[in-house]
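Chemist: The structure's right below; bear with me while I get my questions together.
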Amino acid sequence: MIRSMTGYGNCRKVIDGREIYVEIRSVNHRYLELSCRVPKEMNFLEEKIKAEVKQQIFRGKADIYVSVGADENEQAVVSVNHALASGYIAALREIAEKYHLPDDISAMSLSRYNDIFKLTKPPADEEKLWSSVKNVLDEAIGKFIDMRIAEGEKLHKDITDRCTRILELVTEIEQQAPQIVTEYRKKLTTKINEMLCDATVDEQRIITEVAIFADRIAVDEETVRLKSHFEQFAKILESDGSVGRKTDFILQEMNRETNTIGSKIQDIQISHTVVEIKSELEKIREQIQNVE
């Protein structure tokens, strides 16, 4: 079953004391393009995430956002740069003395100077962290794909309905074409009779002219190929994996056959039918642009 290239999925979990959030969204794109945002200190996750996503998504421009909270159980050590703190104290006392200000320096007043303090955390266990992120990522991907499948079912129904309508129109052309030859023979016979009045009409000449005309407007090969394309098109729509580019190529062939039919038969009614077929093919092409 086909899948849409438009999708969205997210998941939030707390694992081993960390809150992890993953969000995936995608739009149409000719190929697969992934953009991944992870916390700066966890850049090692980016390639792992992209590799995981590539196993399940084949086309579309996807943005992946990953947020990893602090480990509640993690022991952090805060150290003080005493040399820098002494420098700040000396400078503040100098200001207080020069401008006759109260010398009210306190530990709290020094805490505003972030460069005095250094926060040291133990190195993250990359494999353990990746295992936790992957757990959340896989669930987000599952929701993302479910949405793509749901959208794909709607696309499939619309495309299938339009294909059915086009095949009906092709059948109409096949039924109308012989009538055009019959009408041509009647008009040709009438015209010759009017020109020759009571003279004998050369029946063999009429047969030859009609045969030439019938051969010129014959579209049997085109309609057979067109139906064959639709059979192949339907099979591709039911297949697994990425089908968008395959169906787009077949649509080009369908348009080519339809244009040939329109150029061969110069009949108003069939011309209208050809225009309707081309209109339906264009609508299918627009839908296919959103198929993975």
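The values are calculated or read from the model by the stated rules, or taken from the named source; none is laboratory data. What you see is a predicted model; the values in this text were computed from it and never measured. Note that each Cβ is placed from the backbone with ideal geometry, even for glycine, and that neighbours are counted across all protein chains shown.
Chemist: Within region 251-274, is even one residue closer than 22 Å to Ser4 by Cα and either at pLDDT 90 or above or surrounded by fewer than 17 Cβ atoms within 10 Å (Cβ to Cβ) (or both)? Full working, then the answer.
Modeler: Going through region 251-274, the residues closer than 22 Å to Ser4 by Cα turn out to be 251-252.
If we keep only those that are either at pLDDT 90 or above or surrounded by fewer than 17 Cβ atoms within 10 Å (Cβ to Cβ) (or both) as well, we get 251-252.
The answer is yes, given that some residue of region 251-274 is closer than 22 Å to Ser4 by Cα and either at pLDDT 90 or above or surrounded by fewer than 17 Cβ atoms within 10 Å (Cβ to Cβ) (or both).
Chemist: Considering Ile141, Ile116, which residue is farther than 22 Å from Ile15 by Cβ and touching a residue at least 12 places away in the same chain (Cβ under 8 Å)?
Modeler: The match here is Ile116.
Chemist: Step by step: first the residues of region 28-59, then only those that are of a type in the set (A, V, I, L, M) and over 19 Å from Thr247 (Cβ atoms), then the one that is nearest to the chain's Cα centre (by Cα). Which residue is that?
Modeler: Kept after step one, since they are of a type in the set (A, V, I, L, M), are these residues of region 28-59: 32, 34, 38, 42, 45, 49, 51, 53, 57.
Checking which are over 19 Å from Thr247 (Cβ atoms) leaves us with 34, 38, 42, 45, 49, 51, 53.
Working: Leu34: 12, Val38: 24, Met42: 29, Leu45: 25, Ile49: 20, Ala51: 19, Val53: 15 Å.
Among them, the one singled out is Leu34.
Chemist: Out of the residues in region 33-82 meeting the condition of being among the hydrophobic types (A, V, I, L, M, F, W, C) and in a helix (DSSP H, G or I), tell me which one is surrounded by the fewest Cβ atoms within 10 Å (Cβ to Cβ).
Modeler: In the first step, residues of region 33-82 are kept if they are among the hydrophobic types (A, V, I, L, M, F, W, C); the result is 34, 36, 38, 42, 44-45, 49, 51, 53, 57-58, 62, 64, 66, 68, 70, 76-78, 80.
With in a helix (DSSP H, G or I) added as a condition, the list becomes 42, 44-45, 49, 51, 53.
Details: Met42: 15, Phe44: 12, Leu45: 19, Ile49: 22, Ala51: 10, Val53: 20.
Only one residue tops the list, namely Ala51.
Chemist: Out of Ala51, Ala62, Ala70, I need the residue that is free of Cβ contacts under 8 Å to residues at least 12 places away in the same chain and out of contact with any helix residue (DSSP H, G or I) (no Cβ under 6 Å at 6 or more places or on another chain). Which one?
Modeler: Numbers: Ala62 fails: free of Cβ contacts under 8 Å to residues at least 12 places away in the same chain; Ala70 fails: free of Cβ contacts under 8 Å to residues at least 12 places away in the same chain.
Unique residue meeting the criteria: Ala51.
Chemist: Could you please give the count of residues in region 5-30 that are in contact with a strand residue (DSSP E or B) (Cβ under 7 Å, 6 or more places away or on another chain) and within 30 Å of Asp158 (Cα to Cα)?
Modeler: So the answer is 13.
Chemist: Quick check, is Ser131 surrounded by fewer than 16 Cβ atoms within 10 Å (Cβ to Cβ), farther than 21 Å from Asp16 by Cβ and either out of contact with any helix residue (DSSP H, G or I) (no Cβ under 7 Å at 6 or more places or on another chain) or not assigned by TED's automatic domain parsing to the domain that holds Val243 (or both)? Outline the logic, then answer.
Modeler: Numbers: surrounded by fewer than 16 Cβ atoms within 10 Å (Cβ to Cβ): yes; farther than 21 Å from Asp16 by Cβ: no; either out of contact with any helix residue (DSSP H, G or I) (no Cβ under 7 Å at 6 or more places or on another chain) or not assigned by TED's automatic domain parsing to the domain that holds Val243 (or both): yes.
No, not satisfied.
Chemist: Conditions first: (1) over 23 Å from Cys36 (Cα atoms); (2) in a helix (DSSP H, G or I); (3) free of Cβ contacts under 8 Å to residues at least 12 places away in the same chain. Asp104 passes all but one, so which condition is the exception?
Modeler: Asp104 satisfies all of (1) over 23 Å from Cys36 (Cα atoms); (2) in a helix (DSSP H, G or I); (3) free of Cβ contacts under 8 Å to residues at least 12 places away in the same chain except (2).
Chemist: If you check Ser4, Ser86, Ser35, which single one turns out to be within 16 Å of Arg148 (Cβ to Cβ), out of contact with any His (no Cβ under 9 Å at 6 or more places or on another chain) and hydroxyl-bearing (Ser, Thr, Tyr)?
Modeler: Details: Ser86 fails: within 16 Å of Arg148 (Cβ to Cβ); Ser35 fails: within 16 Å of Arg148 (Cβ to Cβ).
Only one candidate passes the filter, namely Ser4.
Chemist: Here is a follow-up. Hey, could you check region 222-272 for residues that are out of contact with any helix residue (DSSP H, G or I) (no Cβ under 7 Å at 6 or more places or on another chain) and outside any helix (DSSP H, G or I) and say which is farthest from His156 (Cα to Cα)?
Modeler: Gln266
Chemist: From (1) under 23 Å from Thr247 (Cβ atoms); (2) at pLDDT below 95, pick out the condition that doesn't hold for Ala62.
Modeler: Tallying (1) under 23 Å from Thr247 (Cβ atoms); (2) at pLDDT below 95, Ala62 fails exactly one: (2).
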